[in-house]
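In what follows, a single structure is set out as structure tokens and then discussed.
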Amino acid sequence: MSDPVTSATGQSPSLQAAGNIPPILLVGCGRMGSAMLSGWRERGLAPSYAVDPAPAAASFAGPDMTVVASLAEVPDSFAPSAVVVAVKPQNAADTLPAYARYAGHAVFLSIMAGRTIGGIQSLVGGNAAIVRAMPNTPAAVRQGVTVACATAAVSDPQRALCDRLLQAIGVVAWADDEALLDPVTAVSGSGPAYVFLLAELMEQAAIAQGIPADLARLLARQTVSGSGALLAANPEDAAELRKAVTSPGGTTAAALQVLMDPAAWPASMQAAIEAATVRSRELAG
Ligand SMILES: NC(=O)c1ccc[n+]([C@@H]2O[C@H](COP(=O)([O-])OP(=O)(O)OC[C@H]3O[C@@H](n4cnc5c(N)ncnc54)[C@H](OP(=O)(O)O)[C@@H]3O)[C@@H](O)[C@H]2O)c1
């Protein structure tokens, strides 16, 4: 079987340097919308308008971007190249039909979890150019990973624009098969929670071994974030880095003998990712 992920892109200086800011409309300026916004601003890619009724959203306005509470406040003459949809999935049905007016010329870039391309088409029109993407919360520190999937109606320049917007918050991979977004959601969309859980459990276990709570918290946080940085800095597989800190008969080996028991972490991780994948399919619409 050929690799279903067609390309993966890092943060390219050439794209970063590319000028020519296209008109962008951001719909939803909450946690993910504002995280993307700050990445875009770093690259001079701020949307012209952001629509969000939440009073807190007004604080994101600046000389480069106007925040409005509803689409009615966006001038009729405004013609965005991209409409970035970052509202909650449950708000899609109420929100998106009003944006169908942009379907002729804009690409819709949706980051809504579980909202399928078909579901979005039913709200903005079957011929709309749509990119469905699944980012994750490390986007807030430009360390996210996003998998994106485009409809046939998406032109090469539209795809390049979406790639540029998503690269501003981390690494981007494109998939041809939308069905992959369910396991992608399970691995990288939900994945930060698994890593945070690891930090929580290490902290609790440290306290159980008599380490004072403050120090336990420091050790758990710094071990998780430092190991992530080490992984990011090394081209080797995670397994190689693990082996490099595991002396035969040593303390790490004693711990890994517990964790790597087939019924322990290997089974738990398989079951967890499978449960999240199944849930993603159940929620799709
Ligand atoms: N957080 C994650 O880990 C993650 C990861 C991948 C993808 N996503 C997706 O990202 C999307 C946004 O998630 P989030 O965590 O950023 O949610 P959020 O913080 O609740 O942000 C959504 C924002 O949209 C606003 N909004 C509601 N109705 C609107 C409308 N009709 N027009 C414009 N804005 C409207 C909300 O305002 P009110 O608060 O007033 O309703 C809120 O400010 C979701 O679809 C989610 O599935 C999230």
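Rule-based calculations on the coordinates, nothing more; no lab input. In this text, all values refer to a predicted model and were calculated from it rather than measured experimentally. As a convention, Cβ positions derive from the backbone with ideal geometry for all residues, glycine included, and neighbour counts pool all protein chains shown.
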Cα gyration tensor shape for the stretch 154-194, rounded if a/c is under 1.5, else prolate or oblate:
oblate
Over 5 Å intervals from 0, what percent of Cα-Cα pairs in the stretch 52-188 sits in each interval?
2, 9, 19, 22, 23, 16, 7, 1, 0
Pop out the Kirkwood hydrodynamic radius of the stretch 124-172 from its pairwise C-alpha distances, inverse of mean 1/r, in Å to one decimal.
11.2 Å
With angles folded into 0 to 90 degrees, how steeply does helix 265-283 sit against the dominant principal axis of the chain? Use alpha carbons for both and round to 10.
20 degrees
If I model a spin label at A208 and N127 as a point 7 Å from the Cα along the Cα→Cβ vector, what separation in nanometres do I get?
6.2 nm
Rh (Kirkwood; distinct C-alpha pairs) - the stretch 46-130, Å
13.4 Å
Find the centroid of the Cα atoms in the stretch 87-101 and in the stretch 116-192, then give the distance between the two in whole Å.
17 Å
Ranking S77, S280, S70 by Cβ neighbours within 10 Å, fewest first, what do you get?
S77, S70, S280
Degrees, to the nearest 10: 191-208 long Cα axis against longest axis of the chain
30 degrees
Pick out, in residue order, every one of the GluC sites (Glu not before Pro) in the stretch 146-243 that is DSSP loop and has at most 13 other C-beta atoms within 10 Å; say none if there are none.
E236
Once phi is turned into θ = phi - 60°, what whole-Hz ³J(HN,Hα) does the Karplus curve with 6.51, -1.76 and 1.60 give for every residue of the stretch 116-133, x standing for Gly and Pro?
6, 4, x, x, 5, 4, 5, 9, 10, x, x, 9, 5, 7, 10, 10, 9, 10
Quick one: helix 31-42 against the long Cα principal axis of the chain, what's the angle to the nearest 10°, folded into 0 to 90?
80 degrees
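Could you work out the Rg to Rh ratio of the stretch 97-159, with Rh taken as the Kirkwood radius (inverse of the mean 1/r over all Cα pairs)?
1.00
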